[in-house]
1. Measuring with a 1.4 Å probe in the full set of protein chains, what accessible area per residue, in whole Å², belongs to segment 186-245?
2. Roughly speaking, to the nearest percent, how much of the chain's 1.4 Å accessible area is carbon and sulfur?
3. Using the heavy atoms of the protein chains alone and a 1.4 angstrom probe, what is the accessible area of segment 1-71 per residue in square angstrom?
4. Calculate, for GLU340 and ASP145, the FRET efficiency according to 1/(1 + (r/R0)^6) with r their C-beta to C-beta distance and R0 51 Å; round to the nearest 0.05.
5. Tell me the net charge near GLU9. Cut-off is 14 Å between Cβ atoms, GLU9 excluded, with +1 for each Lys or Arg and -1 for each Asp or Glu.
6. Modelling each spin label as a point 7 Å along the Cα-to-Cβ direction, I'd like the LEU310/GLU59 distance in nm, to one decimal.
7. Using a basic spin-label model with each label point 7 Å from the Cα along Cα→Cβ, how many nm lie between THR193 and LYS4?
8. Do the alpha carbons of any pairs in LYS200/LYS320; LYS23/LYS44; LYS23/LYS153; LYS108/LYS314; LYS58/LYS320; LYS44/LYS107 sit beyond 24 Å of each other, and which pairs?
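The values are calculated or read from the model by the stated rules, or taken from the named source; none is laboratory data. Just so we're clear, the structure is a prediction, and the values are computed from it rather than from any experiment. Note: ideal-geometry Cβ built from the backbone for every residue, glycine included; neighbour counts use all protein chains shown. Areas reflect the complete protein model, heavy atoms only, side chains present, ligands, DNA and RNA absent. Shrake-Rupley method; radii C 1.70, N 1.55, O 1.52, S 1.80 Å.
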Amino acid sequence: MLDKSLTPEQQEYQQLARDFTAKHIIPVASEYDRTGDFPEFILKEVKEAGINCMAVPKEYGGPGLSSLIQSIVVEEWGYGCAGFATTLAGNGLSTYPVLIAGTDEQKKSFYPYIVNGGMGAFALTEPGAGSDAGGVATVAKREGDEYVINGTKCFCTTGSYASVFIIFASTDPSLGTKGISAFIVEREREGLTIGAVEHKLGIRSSNTVEVLLKNVRVPAAHLLGQEGDGMKIAMKTLDMARPIVGAIGVGLARRAMDECIKYVKERLDINGKPLAAHQNVQFRIADMAIQVEAARQLLRRCMSLKEAGLPYSKESAMAKTFATDTAMKVSAEAVDLMGEFGYSLDSVVEKLMRDAKVMQIYEGTNQIQRMVIAGQLLR
Ligand SMILES: Cc1cc2nc3c(=O)[nH]c(=O)nc-3n(C[C@H](O)[C@H](O)[C@H](O)COP(=O)(O)OP(=O)(O)OC[C@H]3O[C@@H](n4cnc5c(N)ncnc54)[C@H](O)[C@@H]3O)c2cc1C
């Protein structure tokens, strides 16, 4: 059922994304999960459907969709497969720093790489800089009209396939977080290579790699904003990205609930009654539905604050945390309610449970989100 509380345009995108997911993601998701292959074909399809890099304004070749529509579309991708959704949303993530801090010239040169069917990657994390993003040890040294970048990034989504990267590096290590800067770095720059590929518990079709930077030279014009703006750009980027992860979580949780409902209506108990006839089972399904709907509404509130140009950093952290905790809880509950079948590789819900875990970790762990929320409440 489409959500009738949405505007006609929003419902149109909900339908479009639902059809897209039913056609291009659901039929192949478990095979890509099994092999761990990267679904390169999805880029062409998402571009043709007009839902690639949704935040990029029309003047730069993107669809320029509202935040709420973006979350509606991503919920549908999440319903189909969190791995595919991570790939598609990760592409969008790489467009945000340029949206936040790029000049018109940078936007005109950067966006064509991505909106025309290529991919972008966001490289902040390093072996010694995860939650503590300020620990970035990659260095960018100014030499004339260029910066020379040296360091190692890790857990970079879509790194193997990206034609352009946003790389965070310190232009002045003595300044700590205030010395971090952000750069646009094209894949073909000499000295940029891809290192180890991660083999993961879930979202196995998404590509996660190390990015090695050895004397990579970029023009000074590739610096986003000013030297030292990197941390601010990264934090604003994550504010934009976290509700999108939340939307994947809502879609995943809804799928787990739907799979579970189908099962408990068909599976008979020892007396030949469907499991769904038991009040305990009914209550557990009801609790799933409450959590899915609450997560979705938290997400929509965050998106409406963002659209209105109001502060939304706290709500972004709340939406990400609640929606991804819900994804984890509801998928684990679905495995539980579906018993041995739920635990079998033949069921969908075991994949959902594996996929859900990473959402509590990436784009800032849910503990870090709670620090952001508490920090705003207690200041
Ligand atoms: C599949 C995947 C894809 C990713 N894609 C990208 C990407 O595209 N680009 C990118 O830059 N990064 C990416 N990441 C990195 C991701 O953002 C980090 O994994 C995340 O920020 C957590 O960092 P960490 O793994 O180093 O954990 P750590 O920082 O080592 O944290 C370990 C544990 O300690 C807790 N902890 C840490 N500090 C505190 C504290 N101060 N108080 C309380 N608890 C604390 C954490 O909550 C966590 O439970 C990806 C990660 C994964 C797993």
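1. 45 Å²
2. Working: 8990 of 16530 Å².
So the carbon and sulfur contribution to the accessible surface is 54 percent.
3. Details: 3680 Å² over 71 residues.
Per-residue accessible area for segment 1-71 comes out at 52 Å².
4. So, using R0 = 51 Å, E works out to roughly 0.20.
5. Surrounding charge for GLU9 is -2.
6. Between LEU310 and GLU59, the simple spin-label model gives 2.7 nm.
7. Each label point lies 7 Å from its Cα, and together they span 6.1 nm.
8. Details: LYS200/LYS320 21 Å; LYS23/LYS44 14 Å; LYS23/LYS153 35 Å; LYS108/LYS314 32 Å; LYS58/LYS320 27 Å; LYS44/LYS107 21 Å.
Result: LYS23/LYS153; LYS108/LYS314; LYS58/LYS320 exceed 24 Å.
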